[in-house]
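Inspection log for the structure reproduced underneath, given as structure tokens.
What follows is calculated from the coordinates using simple rules that are stated; it is not laboratory data. Computed from a predicted model, the values in this text were never measured in an experiment. Please note: Cβ atoms are built from the backbone with ideal geometry, for glycine as well, and neighbour counts cover all protein chains shown.
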Amino acid sequence: MCKSDCSPIWCCPKHQEIVLGRLTKVIRRLFGVGAGVRGEMRGDWIASEHIFSKRLFYSLCNESSVFMEKYLSKDLTDKFEFHNFGHALEILSEAFPTEWDELQKCLQSLSISTDEITASGGNETSIPKKFDDVLYPLGWREIRIKGDLLVKMYPRGKSRGKFSDQPFDEKTIAGYIDGHNIDFLKGKVAVDLEWNSKDQTFDRDLLAMRTYFDCGLIEVGIIVTRSEELNDIFEEWNVKKKYGASTTWMGKLLYRLKSRRNGGCPILAIGIKKACVEGYD
């Protein structure tokens, strides 16, 4: 490693190059790429493994506690768990500081009572309303979008690769985008809250955020749900059955995000921890 006292390694360019180089060597051994692979093919392999190493390296950076500490205060990490996909946290902090500051204050104010945990009603309990009460006065709104797709067909001209400036036909696909709603939207930041819905709701949420992102309506999304550690409270208070494995919690969200069901939309996944529950140590 480098002789300097820099810490953490993620913040030092010299350390980053060393770690990245070692990752590349490991990947090269795994794929068996060596001197026997020559010419253009070997160059392609080396380029590919270097890109993969970079992605793995920055993925490790994004999930490291040191990286999180750069963007998140301790009072937030005490109450919530954070999982960063597609550099969502950096985008929020650097590009949308006003919206991110409002969301952090909303999270910091979250306090859940015993009655709210034991109350019936799934995702329609008073817990989602706590977010409404803070965010709506600040201009956040629940949004649904609907749109038609206009397809224009242009004929080829006299030579290949040259096309007319005027379409010879147009088709409109009505309702091509329909029914995609998001709980809170302000500027280009979207937020969905899933306290206790069926876990398939995450598929709907991720598709909605992906659609909004592809349409240029948002740049980053946030999904807030239950952390796994809340199961300890549910068992202790004998309400575990209500919060079953097939409902919305962080474990059901993470595997969907790791399989990239969010498409290209950066997502920050936030899990509500025990510290948000009043009187629970």
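Odds and ends about this structure:
- Ranking of Met209, Met250, Met153 by count of other Cβ atoms within 10 Å, fewest first: Met153, Met250, Met209
- Shape category assigned to the stretch 225-281 from the gyration tensor of Cα positions, a/c cut at 1.5: oblate
- Karplus-derived 3J(HN,Hα) values for the stretch 157-164, using 6.51 cos²θ - 1.76 cosθ + 1.60 with θ = phi - 60°, are x, 6, 10, 5, x, 10, 10, 5 Hz; glycine and proline are entered as x.
- Distances between placed amide hydrogens fall under 5 Å for Thr247 paired with Asp199, all partners being 5 or more residues away or on another chain.
- For the residue pairs Lys74/Lys258; Lys198/Lys274; Lys130/Lys241; Lys79/Lys242; Lys186/Lys241; Lys171/Lys252, the alpha carbons lie more than 30 Å apart in Lys186/Lys241; Lys171/Lys252.
- Share antiparallel - DSSP beta bridges, the stretch 163-240, percent rounded to 5: 35
- Cβ crowding within 10 Å ranks Thr248, Thr201, Thr118 as Thr118, Thr201, Thr248, fewest other Cβ atoms first.
- Treating each Cα of the stretch 145-239 as one equal point scatterer and applying the Debye formula with no solvent, the log10 of I(q)/I(0) at q = 0.12, 0.18, 0.26 Å⁻¹ comes out as -0.61, -0.90, -1.26.
- Whether the stretch 64-221 is rounded, prolate or oblate, judged on the alpha carbon gyration tensor where a/c under 1.5 counts as rounded: prolate
- In order along the stretch 141-153, phi translates into HN-Hα couplings of 9, 6, 10, 10, 10, 9, x, 9, 9, 9, 10, 10, 10 Hz, rounded to whole numbers, per the Karplus curve 6.51 cos²θ - 1.76 cosθ + 1.60 with θ = phi - 60° and x for Gly and Pro.
- Sorted peptide list for 170-176, 184-190, criterion being average Cβ within 10 angstrom, highest first: 184-190, 170-176
- Cβ crowding within 10 Å ranks Glu228, Glu219 as Glu228, Glu219, fewest other Cβ atoms first.
- His180 long-range amide H proximity, modeled H, under 5 Å: Ile145
- Calculated FRET value between Glu236 and Asp214, using beta carbons and R₀ = 35 Å, to 0.05: 0.20
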